[in-house]
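Below: the structure, in structure tokens.
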Amino acid sequence: MSVISARGIVKEYPYGGDSVRALRGVDLEVGPGELVAVVGPSGCGKSSLLNVLAGIDPPTEGRVELLGRDLGALGEGERSRLRLREVGFIFQRFHLLSVLTAAENVEFPMAEAGVPKGERRARARELLEYVGLGHRVGHRPPHLSGGEQQRVAIARALANRPKLVFADEPTGELDRRTGDEIIALFERLNADGTTLVIVTHDTSVAGRTRRVVEMADGVVVRDGRAGG
Ligand SMILES: Nc1ncnc2c1ncn2[C@@H]1O[C@H](COP(=O)(O)OP(=O)(O)OP(=O)(O)O)[C@@H](O)[C@H]1O
Ligand SMILES: [Mg+2]
């Protein structure tokens, strides 16, 4: 079974009485345990595709199945539950809550999923240790570096043990060394069985993944596996 199966995805955004066609017919299959980089020039539709695949934004045309479930056939509540429990999403700009500590940010989606307090606490600490932030659990985002905030965002995305993780430019605002650490973290996550789709401008990131999907002007122009 595919983890992601997308067919004929078209995405149009209404724009001043007209519309922008950001995706013009994308097909994509991603199997369990894959680590996929999505690359392409600015404006080619990478974020649009990620948002559609993750069920954040519905496609204008086409069909997305996540973990064997047709997103278009689910109600809003079911779709939210699927996203909350099975999918992790890492935004480029972190979207952390600055009034909450690192640990509370990680606990947040667990609270939404009804995980009891004690378990939430323990799991948040465990996740922050996994991303190398065991010494920063009580810090709020304004008192963390960019790379540390990104790692909190990653820990939060992993809170409910998702089978599938999306990341939109996760190293975009980080220096090379910090970026490398984040990628090493994704590789470890992938080795632990998580399927990952990572949008990146960074050729050094794409160079480290087995599969690179290249987009241009709203379509996939190349879908290649390293060495084949
Ligand atoms: N909400 C929106 N309303 C109108 N047009 C949009 C909207 N979001 C994106 N677009 C347009 O859709 C196209 C694809 O945008 P998208 O954000 O998917 O590109 P991208 O590949 O992620 O670019 P970048 O690398 O700069 O992040 C662009 O031409 C963009 O201007
Ligand atoms: Mg983008």
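A short reminder: the numbers here are calculations on the coordinates, not readings from a lab. Bear in mind the structure is a predicted one, so any value in this text is a computation, not a measurement. So basically every Cβ, Gly included, is an ideal-geometry build from the backbone, and we count neighbours across all protein chains shown.
Numbers at a glance
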quantity: Lone unmet requirement of (1) within 12 Å of the chain's Cα centre (by Cα); (2) within 16 Å of ligand 1 (Cβ to nearest atom) for Gly88; calculated: (2)
quantity: Strands (runs of 3 or more DSSP E) completely within the range 121-228 that count 3 or more residues being surrounded by fewer than 20 Cβ atoms within 10 Å (Cβ to Cβ) and more than 16 Å from ligand 2 (Cβ to nearest atom); calculated: 219-225
quantity: Checklist (1) among the small types (Gly, Ala, Ser); (2) more than 16 Å from ligand 1 (Cβ to nearest atom); (3) crowded, with 18+ Cβ neighbours inside 10 Å applied to Ala54, failing item; calculated: (2)
quantity: Identity of the residue in the range 1-48, of a type in the set (Gly, Ala, Ser) and within 16 Å of ligand 2 (Cβ to nearest atom), that ends up surrounded by the most Cβ atoms within 10 Å (Cβ to Cβ); calculated: Gly45
quantity: Residue among Glu12, Glu61, Glu34, Glu65 that alone is among the acidic types (Asp, Glu), under 28 Å from Gly147 (Cβ atoms) and touching a residue at least 40 places away in the same chain (Cβ under 8 Å); calculated: Glu34
quantity: Criterion (polar (S, T, N, Q) and away from ligand 1 (no atom under 15 Å from the Cβ)) met by exactly one of Ser42, Ser19, Ser2, Ser47; calculated: Ser2
